[in-house]
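The values are calculated or read from the model by the stated rules, or taken from the named source; none is laboratory data. Keep in mind the model is a prediction, meaning the values are calculated, not measured. Ideal geometry is used to build each Cβ from the backbone, glycine not excepted, and the neighbour counts take in all protein chains shown. Areas reflect the complete protein model, heavy atoms only, side chains present, ligands, DNA and RNA absent. Shrake-Rupley method; radii C 1.70, N 1.55, O 1.52, S 1.80 Å.
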Amino acid sequence: MKQLKPKRRAATRVSLIAFGLVLSLAACQRSSDTVGRPLVGYVTNGIASFWTIAEQGANAAADSFDVEVQVMMPPDGAAGQSRMVQSLLARGVDGIAISPTDPANQSRLLDEISSKAHLITHDSDAPESDRLVYVGMDNYEAGRMCGRLLKDALPEGGSVVLFIGLLGQLNADLRLQGVIDELMDRTADATRRDPVDAPISNDKYSILDTRVDQFDFARAKGQAEEVLARYPDLDAMIGLFVYNPPQILEAVREAGKLDQITIVGFDEDEATLQAIRDGTIVGTVVQNPYQYGFESVRVLAALARGDRSVLPGNQFIDIPARMIRADNVDAFETELRQLIGE
């Protein structure tokens, strides 16, 4: 190995020390306008239009409650969440709001957060963790609402395929089960879990298949195309993540089956809302991602200042879901645009 000359070694050593000092200062110091303000993190479960709206709410709360918020959207699920959480903890974050992608297998990560900062969950819960509160909706009831939209559109029944981004994520599991239980006319039981690899039927509705795309938009459309080819007499398709309905709609349109397939959506993607206006999607169940972001940061700001009065006794800040159809889609979109300042 070639040896550095003494002067060069000394210069290199000085450069490395200086570089390390710069990194340390960057890691330990905040900009002059944020010194003394609490730092909180808002970690999503992926990248989607839904989270862009939540980011607006988080930033609005940061301004209202005088905190610095770092919004992070992982492109690769749990692995990305872990990297982002470690980055936040290294910065000495005061609190983190996270939407766990796989709470059963993220217990170590959630424990680490709760041991070093205030931990809350949003959008999807991890009730077995030491999180202080869950900010979101009742996903099981929202799934049942989605089922009711389909029953209203197809009162005589029909064959259905369900599409979802992930399984193992609590909000997804609850949402999916809610749809199934509503279509099967069952009593409410949020602990029930049907297998996703077998058809489920009653005397009116047949759930032929459940497709999971792992938050891959291209795969979501490909699966919709595969379903249309496999089940030529299919009556309905339900998309349960924000990007599912637009991908389903595109696949159905390209197959020339808009007059055959009833589509029910979830969340408030712009393409979904326009399709409801056009009559190509019958309705969608919407959350309130803006409030998810706003309430999460509001709670973390209070906790950072020692105020625990923001924590409800049931550890649940309920932001109810709503059904959007042709008769209220315009009013809803107006409300949404006002929230995000458009």
Query - Evaluation of ARG298 against (1) modelled with pLDDT under 95; (2) of a type outside the set (A, V, I, L, M); (3) crowded, with 21+ Cβ neighbours inside 10 Å (one fails), failing number - result: (1)
Requested in this report: Please state which one of THR284, THR272 is in contact with a Cys (Cβ under 9 Å, 6 or more places away or on another chain) and crowded, with 20+ Cβ neighbours inside 10 Å.
Outcome: THR284
Requested in this report: Would you check if there is a residue in the stretch 152-164 being open to solvent by less than 30 Å² (accessible area, probe 1.4 Å) and of a type in the set (Ser, Thr, Tyr)?
Outcome: yes
Report summary line: Filtering the stretch 321-341 down to residues that are exposed (fewer than 14 other Cβ atoms within 10 Å of the Cβ) and under 22 Å from the mean Cα position of the chain (by Cα) yields GLU335, ARG337, GLN338, GLY341
Query raised in the report: Across the stretch 227-237, what is the number of residues that are under 13 Å from VAL252 (Cβ atoms) and in a helix (DSSP H, G or I)?
Result: 3
Report task. Please specify each residue of the stretch 25-46 satisfying the condition of being closer than 18 Å to ILE96 by Cβ and either in a helix (DSSP H, G or I) or modelled with pLDDT of 90 or more (or both). Result -> ALA27, ARG37, PRO38, LEU39, VAL40, GLY41, TYR42, VAL43, THR44, ASN45, GLY46
Requested in this report: Report yes if some residue within the stretch 193-213 is part of a helix (DSSP H, G or I) and open to solvent by less than 20 Å² (accessible area, probe 1.4 Å); otherwise report no.
Outcome: no
Query raised in the report: What are the pairs, 6+ residues apart or on separate chains, where a residue within the stretch 50-79 that is more than 22 Å from VAL242 (Cβ to Cβ) and small (Gly, Ala, Ser) has its Cβ under 7 Å from a residue that is modelled with pLDDT of 95 or more and in a helix (DSSP H, G or I)?
Result: ALA62/VAL297
Query raised in the report: In the stretch 253-267, is there at least one residue being modelled with pLDDT under 95, open to solvent by less than 10 Å² (accessible area, probe 1.4 Å) and in contact with a strand residue (DSSP E or B) (Cβ under 9 Å, 6 or more places away or on another chain)?
Result: yes
Requested in this report: Go through the stretch 229-248 and give me each residue that's more than 17 Å from LEU167 (Cβ to Cβ) and open to solvent by less than 10 Å² (accessible area, probe 1.4 Å).
Outcome: LEU234, ALA236, MET237, PRO245, ILE248
Query raised in the report: What single numbered condition from (1) open to solvent by less than 10 Å² (accessible area, probe 1.4 Å); (2) farther than 21 Å from PRO312 by Cα; (3) without any contact (Cβ under 8 Å) to a residue 24 or more places away in the chain fails to hold for LEU110?
Result: (2)
Query raised in the report: What number of residues within the stretch 177-187 are open to solvent by 80 Å² or more (accessible area, probe 1.4 Å) and farther than 17 Å from LEU154 by Cβ?
Result: 1
Query raised in the report: Is it true that some residue in the stretch 116-135 is polar (S, T, N, Q) and open to solvent by 30 Å² or more (accessible area, probe 1.4 Å)?
Result: no
Query raised in the report: Does PRO103 satisfy being out of contact with any helix residue (DSSP H, G or I) (no Cβ under 7 Å at 6 or more places or on another chain) and modelled with pLDDT under 95?
Result: no
Query raised in the report: closer than 22 Å to ARG144 by Cβ, open to solvent by 10 Å² or more (accessible area, probe 1.4 Å) and without any contact (Cβ under 8 Å) to a residue 12 or more places away in the chain: does that describe ASP318?
Result: no
Report summary line: GLN70 vs (1) touching a helix residue (DSSP H, G or I) at 6+ places or on another chain (Cβ under 6 Å); (2) closer than 28 Å to LEU166 by Cβ; (3) modelled with pLDDT of 95 or more: all pass except (1)
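Okay, residues lined up against (1) among the hydroxyl-bearing types (Ser, Thr, Tyr); (2) under 30 Å from SER309 (Cβ atoms); (3) over 17 Å from the mean Cα position of the chain (by Cα):
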| position | (1), (2), (3) |
| --- | --- |
| TYR140 | yes, yes, no |
| GLY143 | no, no, no |
| ILE164 | no, no, no |
| ASN171 | no, yes, no |
| ILE200 | no, no, yes |
| GLU225 | no, no, yes |
| ASP235 | no, no, yes |
